[in-house]
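Report on the structure given below.
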Amino acid sequence: MAIDTKTRDKWDRAATFFDISAGLGTEKRWEPFKKALFSHMDGDILFMAAGTGLDFPCFPPGMTVTAIDISPKMLEKAKIRAINYQGRIDLLEMDVQSLAFSDGRFDQVFTSCTFCSVPDPVAGLMEIRRVLKPGGMLRMFEHTASGIFPFNLMLHLMNPISRIFGPEVTRDTLNNLDRARFAILKVENHFLDVVRSIHAKAPEM
Amino acid sequence: MRLYFVIGDLMATTFCGWLTAVTVSHWISSTGSMVLAMGLGMAVGIMIGMVTALGFMPFFGAMEVMLPVMLAGKLSGMLVAMGSVMHWLPMAWMDAMGMLSGVLAFLWTTLAQYRVKDVYGH
């Protein structure tokens, strides 16, 4: 399976300071929302874009999770958190847009700030739909574009700089889910209409 | 924990409002044109907001810090530039206006947050 080397190199560079920039205030702020989302974990689970494994302590204990990331340097840092998890986490280097899993393999897929970084989000979501069982659940914790002035203006001003070093901040993830033919069941807004938990379902057939 | 973040957000927006006011009142007030001053003030404020937010984000959050802080910079830049050109207040008071802009940005974000909470779900 092909790897997007440009994206991989960007996140390899980001891995050095990732825990400092995202692992303190941001994680503490988002922890209750992530724990609530991950409490739905059940069955055969795929976790997208594991990064340095900051999310692993929010997983309920006893799960068996396949976690992927495009960056080997991020995965290297995630190893210790995977070992400390009270369950099983298998780490794999893989591109969200090109998953090396058979069709209908997983019961549920979870993402955490993933689709701000996937270059072609609709292609990535269609790959997730492919590896999900028919009617399987996709549960996402994501930051998206805002529909509220002046916050939408701020996000569009930030985006050209933000995308160079890390994520895009103007993604229309709900629309992308529609385009990938997911049914959106529930959206929970945690900060404005920007930081959200999204519960979506793959088509039954 | 909630109080920690409220204090952090308020500190970040107030600091950005103050820093923008100091910068704008000293460098932009000499433009003479109110419209130009307001435009420049907003642009400078937004840029100061972006840089300021980077310092606060590791401790208090990502979007939750970045957006209100940039709004604080924008508001402070606009109001202080306008006030400076029109000589509303003594220069020393402009710093206070910048800090007040920071508090307003915090309140604006908090009110917007309550309006959009749980937009839809079944």
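The values are calculated or read from the model by the stated rules, or taken from the named source; none is laboratory data. Predicted model only: the values in this text are computed from it and were never measured. Here the Cβ positions follow ideal geometry from the backbone for every residue, glycine too, while neighbour counts run over all protein chains shown. In case anyone asks, the SASA skips ligands and DNA or RNA and just uses the protein heavy atoms, side chains included. Shrake-Rupley method; radii C 1.70, N 1.55, O 1.52, S 1.80 Å.
Quick look at the values:
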{"read-out": "Table column - 3J(HN,Hα) (Hz), region A:81-91, Karplus curve with 6.51, -1.76, 1.60, x for Gly and Pro", "value": "6, 5, 5, 6, 6, 8, x, 10, 10, 9, 9"}
{"read-out": "R0 of 35 Å, Cβ-Cβ distance A:A123-B:S33: FRET efficiency to nearest 0.05", "value": "0.10"}
{"read-out": "Per residue convex hull volume, Cα atoms of chain B, in Å³", "value": "106 Å³"}
{"read-out": "Computed Rg/Rh of the protein assembly as shown, alpha carbon atoms with Kirkwood Rh", "value": "1.03"}
{"read-out": "Calculated [θ] (222 nm, deg cm²/dmol) that DSSP helices of n ≥ 4 give over chain A, each run adding -39,500 (n - 2.57)", "value": "-12000 deg cm²/dmol"}
{"read-out": "For a label point 7 Å along the Cα-to-beta-carbon line of B:L111, residues of region B:1-29 with backbone N under 18 Å", "value": "B:10, B:13-14"}
{"read-out": "Computed FRET value (nearest 0.05) for A:I80 with B:M11, which takes r as the C-beta separation and R₀ as 30 Å", "value": "0.35"}
{"read-out": "Total accessible area lost when A and B pair, probe 1.4 Å, Å² to nearest 100", "value": "2700 Å²"}
{"read-out": "Those residues of region B:46-75 for which accessible area with every protein chain present is at least 50 Å² below the isolated value (1.4 Å probe)", "value": "B:M50, B:P58, B:M63, B:E64, B:L67, B:K74"}
{"read-out": "Among A:62-72, A:39-49, the order from most to least packed when residues are scored by Cβ within 10 Å on average", "value": "A:62-72, A:39-49"}
{"read-out": "Solvent exposure of chain A as accessible area per residue, Å², 1.4 Å probe", "value": "42 Å²"}
{"read-out": "Chain B - mean residue ellipticity at 222 nm from DSSP helices (-39,500 (n - 2.57) per run, n ≥ 4, rounded to 500)", "value": "-30000 deg cm²/dmol"}
{"read-out": "Whole-percent carbon and sulfur share, accessible surface of region A:5-201, 1.4 Å", "value": "55 percent"}
{"read-out": "Order of exposure, largest accessible area first, which applies to A:E188, B:E64 with probe 1.4 Å", "value": "A:E188, B:E64"}
{"read-out": "³J(HN,Hα) computed for each position of region A:64-69 - Karplus, 6.51 cos²θ - 1.76 cosθ + 1.60, integer Hz, glycine/proline x", "value": "10, 10, 9, 10, 10, 7"}
{"read-out": "Overall dimensions of region A:130-191 by Cα: Rg and Dmax, Å", "value": "13.9, 40"}
{"read-out": "Å² of accessible area per residue within region B:9-120, as computed with a 1.4 Å probe and no ligands counted", "value": "46 Å²"}
{"read-out": "All aspartates and glutamates inside 15 Å of A:K186 as judged from Cα atoms, apart from same-chain residues fewer than 8 positions distant", "value": "A:E142, A:D178, B:D118"}
{"read-out": "Highest-MSF residue in chain B out of B:T20, B:T110, B:T52 [GNM, Cα springs under 10 Å]", "value": "B:T110"}
{"read-out": "Cα-Cα separations in region A:12-51 greater than 12 Å, expressed as whole percent", "value": "70 percent"}
{"read-out": "For residues of A:192-198, the mean tally of beta carbons on other chains within 10 Å", "value": "4"}
{"read-out": "Listed residues A:S146, A:S21, A:S98, most fluctuating in chain A (Gaussian network, C-alpha, under 10 Å)", "value": "A:S21"}
{"read-out": "For region A:55-63, Karplus couplings with θ = phi - 60° (6.51, -1.76, 1.60), whole Hz, Gly/Pro x", "value": "7, 4, x, 8, 6, x, x, x, 8"}
{"read-out": "Within the accessible area of region B:9-120 (1.4 Å probe), percent carbon and sulfur", "value": "79 percent"}
